[in-house]
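The structure appears below as structure tokens.
Read-outs throughout are calculated quantities, based only on the coordinates presented, and are distinct from any laboratory measurement. Keep in mind that this is a model prediction, so the values were computed, not measured. Don't worry about glycine lacking a Cβ; one is built from the backbone with ideal geometry, like all the others, and counts go over all protein chains shown.
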Amino acid sequence: MEKRQLGRSGLRVSRLALGTMSWGGETDADEAASQLVAFVDAGGTLVDTADIYADGECERILGGLLADVVPRDDVVVATKAVARRTDGPFGGGASRGALLSALDGSLRRLGVDHLDLWQLHAWDDAVPLAETLSALDYAVTSGKVRYAGVCNYSGWQLATAAATSGVPLVSMQAEYSLVERGVEREVVPAARHHGVGLLPWAPLGRGVLTGKYRTGTPADSRGASPAYAGYVEQHRTDRAARIVEAVSTAADGLGTSPLAVALAWVRDRPGVVAPVVGARDTGQLTGSLAAEDIVLPHAIKAALDDVSAIEFGYPERWPK
């Protein structure tokens, strides 16, 4: 798998990241092991998790696999903090105390002495940004964290944090796909200006871009699950349906899957380093890994750009 620089840093990662949000829930430890082995065997290196996934069980599963299945040094371990874990005073949020408590918890569950990439899961209006960034600075200078990043920041939030952080911010996770291109207005320009690499989450439009919902809702899909139906429904719109048809047409012409086309499109967008793909089982993951060999012709990229285009105006395009 091709490797790319993560932002304006010396860290090189695979251009596809393995997401683990389902581990400890829909995906048990044995299936997680199968996914990790398949990912690493394909040349993947970047593995993304979070302290909040499955109440920490996801990190524990990954930690066990790094001890027994895949060598620790073969992967770039990325996790996140900020989300509320407990009701205690340090159980969530972006205060210095909460973040450093979360960091220690992640290290313990993962069974490692440092994180390769530690990410702020969300902006916290209740905490001064300088305090939040001081926790990142301590985490890096103490050696507990090698690189720092953020997730789900708006353009101004990312730009402010990147300009004032004592340690470089190398990554930004945000939802980005053919059906969700809002980050192109402000976030993508801010990231590129400050040398921050983009790690798109939900690059398959929460599953919609695979085409599985074209004629209904499969009984075994997340769209049929009470826990995820609302999450998927946000992208089941008339606009999304037109995009899915275009993706499917392109896939037919290239002799590949809609999944591979959608993933290749976002993978090769300006500023993108590695889309984060999750899977309930290894079969689903294999479909994503197959996109590594797909190169979209210019005409197809242009057609997909056109059918999924979003409106730009003032102030992101000024002067006109």
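Brief remarks follow.
- Fewest neighbouring Cβ atoms within 10 Å first, the residues MET172, MET21 line up as MET21, MET172.
- Within segment 1-94, the GluC sites (Glu not before Pro) that combine a DSSP coil assignment with at most 13 other C-beta atoms in a 10 angstrom radius are GLU2.
- For segment 62-128, trypsin sites (Lys or Arg not before Pro) are listed when DSSP marks them as loop and at most 14 other Cβ atoms sit within 10 Å of their Cβ; the list is ARG84.
- Look at THR160, THR45 and count the other Cβ atoms within 10 Å of each Cβ; fewest to most, that gives THR160, THR45.
- In loop segments of segment 1-31 as defined by DSSP, the trypsin sites (Lys or Arg not before Pro) with at most 14 further C-beta atoms inside 10 Å of their C-beta are ARG8.
- Where Cα atoms sit under 29 Å apart: lysine pairs in the chain separated by 8 or more or lying on different chains: 6
- The helix-only estimate of mean residue ellipticity at 222 nm for the chain, built from DSSP H runs of length n ≥ 4 each weighted as -39500 (n - 2.57), is -11500 deg cm²/dmol after division by the residue total.
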